[in-house]
Amino acid sequence: MYRVILFFVGFNYLGHICCAQDSINTNDVKVIKAKSEIIIGRYFNNLLNTISYAGAESTDIKELINQSFKDSAKQLFLNDQIAITDDISDPDYSNSSNAPDVPATQYLNAFNTFYGKSDSNSVYISDVMSSRVKKGKKNIFINVYFTSFFKNICLSHPSTPYKPSKRVAEIFIRRGNNNKWLLYISRIGFFNPADTLDDFSDDIVVAEAKNTSESSGRLDETLDSADKFNLYIDQARLEENKRNYQAAINLYTRAIELAPGKRDFYEPRLKELNTSFRILADLEEKYNAGNYKDAIKGYTALLKKPELNSGYSNSDYYLGRAKCFDKMGQLTKSYNEQVEYYNEALHDYVKSYEYDHDNVEAIRYRADLNIRMNRQ
């Protein structure tokens, strides 16, 4: 039950912006986009991980699923009948042409039935990106594009592993009785290249916000401090998991500015991120310049005494070294060298994941390498 309660802690502040539905401004767009990405990258991701947690009671899972449809601050889906294209019951389901649409309640129950349980997170959502805000016939909405990866087995096809898949979620947006925005998932399917981020035909008209220069890069001034703080912290954690440290540092800094009383809690993490950013910047520069062997020496030196590093840092160092081996394997013309480099890279991707199960980059790169090594 404790795990289920944790899942909903962040929901109490989700989905509130003051504005008229048929007239939005640039600040509204910033917050709508941020919240839509958090809904998928954090809350939908957490929902699936909680359902697949081996220690969760069946009654708790049932209640968790039911609460995701209820009309409350904990609601995640528009209703229990919205369509979700099945990517669970058969790992070979990879696009809308070979996978059926099922009601959300059936999808979540199927996930509980067909997806293997574990004691740690096994569902990874990455590459989260929102579209422009769209105008529908009766409401406005936004599309959120993402990559999902299921690490555990499919119980109905245990010999066939899941593969990373490109997905898109449609997020329904409306104004609540308290004159603030509410966002709910109204559909999830496989990504169709025909539905691109450059499709402007149904974009809603966006007006310039007042005092735009003063609020540039900031969230809507109509949000209260607690809402802004929570949004910044959630965005910062998402950027951390994607290893976008400079973005995470900026977001943590803004959060601390809003809540100075919480500085002592977040300042150590901010300092650790700044240190990591400085250390990794030099090695990343060598990687980008093609100096892979020099970068490997640097990462190896940092890993000589892993017990002196944080698990988070070790995960980064193994990931960085793995990327170098991976790239060298792609570039060499020697088959034997390629096999050697790829095996070194795979070893380091696995170690990176072991030190930080939320390192979505390690998961993504390892999955890609397995495909290239014909280990799907």
Point to revise | Under 21 Å from the Cα of residue 333 - lysines, other chains or at least 8 residues apart | key: 293, 323
Exercise for review: Using only the Cα atoms, work out Rg/Rh for the stretch 74-153, with Rh taken as the Kirkwood radius, to two decimals.
Suggested key: 0.99
Practice item. With a 1.4 Å probe and every protein chain left in place, work out the accessible area per residue of the stretch 219-376 in Å², rounded to a whole number. Key: 51 Å²
Check your understanding: In nm, to one decimal, how far is the modelled label at residue 293 from the one at residue 57, with both set 7 Å along Cα→Cβ?
Key -> 6.1 nm
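Which percent of the accessible area of the stretch 151-194 is formed by carbon and sulfur heavy atoms (probe 1.4 angstrom)?
Working: 1130 of 2250 Å².
Exposed carbon and sulfur together represent 50 percent of the surface.
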**Study point:** Percent accessible area from carbon and sulfur atoms, the stretch 254-325, protein chains only, probe 1.4 Å
**Key:** 52 percent
Revision key, fill the gap. With all protein chains in place and a 1.4 Å probe, residue 113 shows an accessible area in Å² (nearest 10) of 80 Å²
**Study point:** Separation in nanometres of the label points that stand 7 Å from Cα toward Cβ, at residue 72 and residue 330
**Key:** 4.7 nm
Revision key, fill the gap. The pairs in 33/180; 117/166; 35/242; 35/228 lying past 19 Å Cα-Cα in this model are 117/166
**Study point:** Accessible-area composition of the stretch 46-111, carbon plus sulfur, in percent [1.4 Å probe]
**Key:** 42 percent
Point to revise | Rounded accessible area of residue 129 (nearest 10 Å², 1.4 Å probe) | key: 100 Å²
Check your understanding: Tell me, in nm to one decimal, what length is gained between residue 310 and residue 174 on full extension, where the rule is 0.36 nm per residue of separation less the Cα-Cα distance?
Key -> 44.6 nm
Revision key, fill the gap. Output row, site residue 267, 7 Å Cα→C-beta label point, backbone N cut-off 14 Å, window the stretch 232-256, residues 253, 256
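The values are calculated or read from the model by the stated rules, or taken from the named source; none is laboratory data. Note that the structure is a prediction, hence the values are computed from the model and not measured. Here the Cβ is made from the backbone with ideal geometry for all residues, glycine too, and neighbour counts use every protein chain on show. These accessible areas exclude ligands, DNA and RNA; they are computed on the full protein's heavy atoms, side chains included. Shrake-Rupley method; radii C 1.70, N 1.55, O 1.52, S 1.80 Å.
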